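Bear in mind these aren't lab numbers, they're just calculated from the coordinates by the rules spelled out. Given the structure is predicted, the values throughout are model-derived calculations rather than measurements. Note that each Cβ is placed from the backbone with ideal geometry, even for glycine, and that neighbours are counted across all protein chains shown.
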Amino acid sequence: MGAVLPTYVSSRENQVKTKGALLWEPGTRSGWTVEEIEIDPPKEREALIRLAASGLCHSDDHLDTGDIAIDWAPMLGGHEGAGVVEQVGPGVMNLAPGDHVVLSFLPSCGLCIPCVAGNQNLCDLGAGVLAGTAPDGTHRIHARGQGVGAMSFLGTFSPYCVAPIDAVIKIDPAIPLDKAALVGCGVPTGWGSAVYAAETRIGDTVVVVGTGGVGMNAVQGARHAGASQIVAVDPVAFKREKAKEFGATHTSPSLDEALDLVVEITNGRLADRAIFTSGVGDGKLLNATQVLVRKGGVIAYTSAAPQHQTEVTFDLFTFAMSNKRLQGTLFGSCDPRNDIPMLLDLYMRGKLMLDELITHTYALEDINQAYQDMHDGKNLRGVIVYDQ
Ligand SMILES: NC(=O)c1ccc[n+]([C@@H]2O[C@H](COP(=O)([O-])OP(=O)(O)OC[C@H]3O[C@@H](n4cnc5c(N)ncnc54)[C@H](O)[C@@H]3O)[C@@H](O)[C@H]2O)c1
Ligand SMILES: [Zn+2]
Ligand SMILES: [Zn+2]
């Protein structure tokens, strides 16, 4: 990254004139429009970040398909980014220009009850991440003369972003920023789904359903937690092959075919944990996941299901009589401020695979192709790299 800032202008009340990928008609699968945007200078407790890279998480695509429904537009996408602090707003004590940072898709204020109780992934500020404004209810981003909402208060599908400092995590400047970006969402979400939400223990057999950008990190998390057998279930052969490199000991192309395999490799005892990280949550697949898990076992559910889908197929009798646990998980139940630096430390010590997650890099202008590649099963993670 050079020091030249070709898109920064000091006119128009110090706005940054740059570009961003917007959804003008969320829920219609009309894709992203890359166009000129203006970003206001940071206000109180905010920072302006010059981004190095942004991961292409499936959750942004859910906004385009309508699986995650929002009733406002336009939306600047992107919530998995890393970069360098350019400017800080009033009252910011813990960040300075030049700091290297990861942006967390969930803010943690450190003051609300969930935060002080140790559940920073459930910070009360998180309730507003799809509200379409900054936490104070106003817009920082503008396009075509109107306010633009930003995914997760961030909007990392732009070379610049103004973020609340509650979502800005300072990191060691030695860490490559394109790899660090992935630790803003997909890596902790998958890793924590295995380690914290499913509570994987030494010797466990763990099934991971869907080994994409999130699920591949559930495989890594299960390995770190000492699982002896990890079954990767994914219809895409390329994902199954890659899962073996991340620690899977067995693979299956479908949940149905996984049953015989799990019965065989556990001598009929079944898996201790299953983690659901498929691209789109599906209530019809919940029971097929449950039947893979032993009595007393845990099913961690991470995927975003279509919001309108409220019915699931589930054998409640067996569930209760087998003392099983179904555990939803947000951000893999991680604490962004603790776990983002910790995971990056594991990476720097060669114990967490990040380089291998990045299958393709893209220019922002190629974002629709990048999401097509995700749907075509070509990417573990596609990453937009900013040229500045
Ligand atoms: N709970 C959270 O905090 C949180 C955070 C981030 C992402 N998510 C959600 O996690 C999910 C996964 O995101 P991602 O970025 O890894 O998506 P992805 O598209 O990279 O990966 C999904 C994987 O699921 C596989 N798959 C599709 N259908 C399947 C099936 N029937 N059985 C098994 N595997 C199947 C795909 O082949 C792909 O490898 C998304 O729904 C995303 O919105 C949740
Ligand atoms: Zn995400
Ligand atoms: Zn909080």
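Counting only the backbone N, which residues of segment 53-80 are under 20 Å from the spot 7 Å out from the Cα of Phe238 toward its beta-carbon? Under cut-off, by backbone N: 54-62. Less than 5 angstrom separates the built amide H of Glu46 from those of Gly89, Ile165, all sequence-distant by 5 or more or on a different chain. Cross-link check: pairs Lys179/Lys239; Lys242/Lys378; Lys179/Lys378; Lys43/Lys170; Lys244/Lys324 evaluated at a Cα-Cα cut-off of 22 Å; pairs beyond the cut-off: Lys244/Lys324. Counting neighbouring Cβ atoms within 10 Å and putting the fewest first, the residues Arg269, Arg45 line up as Arg269, Arg45.
Ellipticity at 222 nm from helices only: DSSP H runs of n ≥ 4 in the chain, each -39500 (n - 2.57), divided by the residue count, give -6000 deg cm²/dmol. Computed from the C-beta positions of Asp172 and Met321, the FRET efficiency with R₀ = 51 Å rounds to 0.55.
DSSP beta bridges fully contained in the chain are about 60 percent antiparallel. By the beta-carbon count within 10 Å of each Cβ, the least crowded to most crowded order of Ser254, Ser193, Ser278, fewest first, is Ser254, Ser278, Ser193. Label separation (Gln146 vs Lys295): 5.9 nm, computed from points 7 Å beyond Cα along the C-beta direction. Each semi-axis of the equivalent ellipsoid for the chain is √(5λ) with λ an eigenvalue of the Cα gyration tensor; in descending order they amount to 36, 20, 19 Å. Applied to segment 34-40, the Karplus parametrisation 6.51 cos²θ - 1.76 cosθ + 1.60 on θ = phi - 60° returns per-residue 3J(HN,Hα) values of 8, 8, 5, 9, 10, 10, 5 Hz, with x for Gly and Pro. Between His360 and Ala69, the FRET efficiency from the beta-carbon distance, with R0 = 45 Å, is close to 0.95. Relative contact order for the chain: 18 percent, from Cα pairs under 8 Å spaced at least 6 residues apart, divided by residue count.
Set against the 2.2 N^0.38 Å expectation for a compact globular protein, segment 1-132 has a Cα radius of gyration ratio of 1.15. Determine Rg/Rh for segment 275-386; Rg is computed over alpha-carbon atoms and Rh is the Kirkwood hydrodynamic estimate from the same atoms. Reported Rg/Rh, Kirkwood definition of Rh: 1.06. Note on Glu25 and Asp376: the extension gain reaches 124.1 nm, defined as 0.36 nm multiplied by sequence separation minus the Cα-Cα distance.
Packing, taken as the mean count of other beta carbons within 10 Å per residue, orders the peptides 334-343, 158-167, 127-136, 32-41 from highest to lowest as 158-167, 334-343, 32-41, 127-136. A protection proxy built from the mean count of other Cβ atoms within 10 Å ranks the segments 207-218, 114-125, 308-319, 50-61, most packed first, as 207-218, 50-61, 114-125, 308-319.
Report the far tail of the P(r) of segment 190-330, meaning the percent of Cα-Cα pairs longer than 26 Å. Here the tail beyond 26 Å accounts for 11 percent of pairs. Considering only the Cα atoms of segment 208-271, their convex hull presents on average a projected area of 3.8 nm². From the alpha carbon centroid of segment 236-267 to that of segment 330-388 is 23 Å. Can you run phi through the Karplus equation (6.51, -1.76, 1.60; θ = phi - 60°) for segment 145-153 and list ³J(HN,Hα) in whole Hz, with x for Gly and Pro? Whole-Hz 3J(HN,Hα) from phi for segment 145-153: x, 9, x, 10, x, 10, 4, 6, 6.
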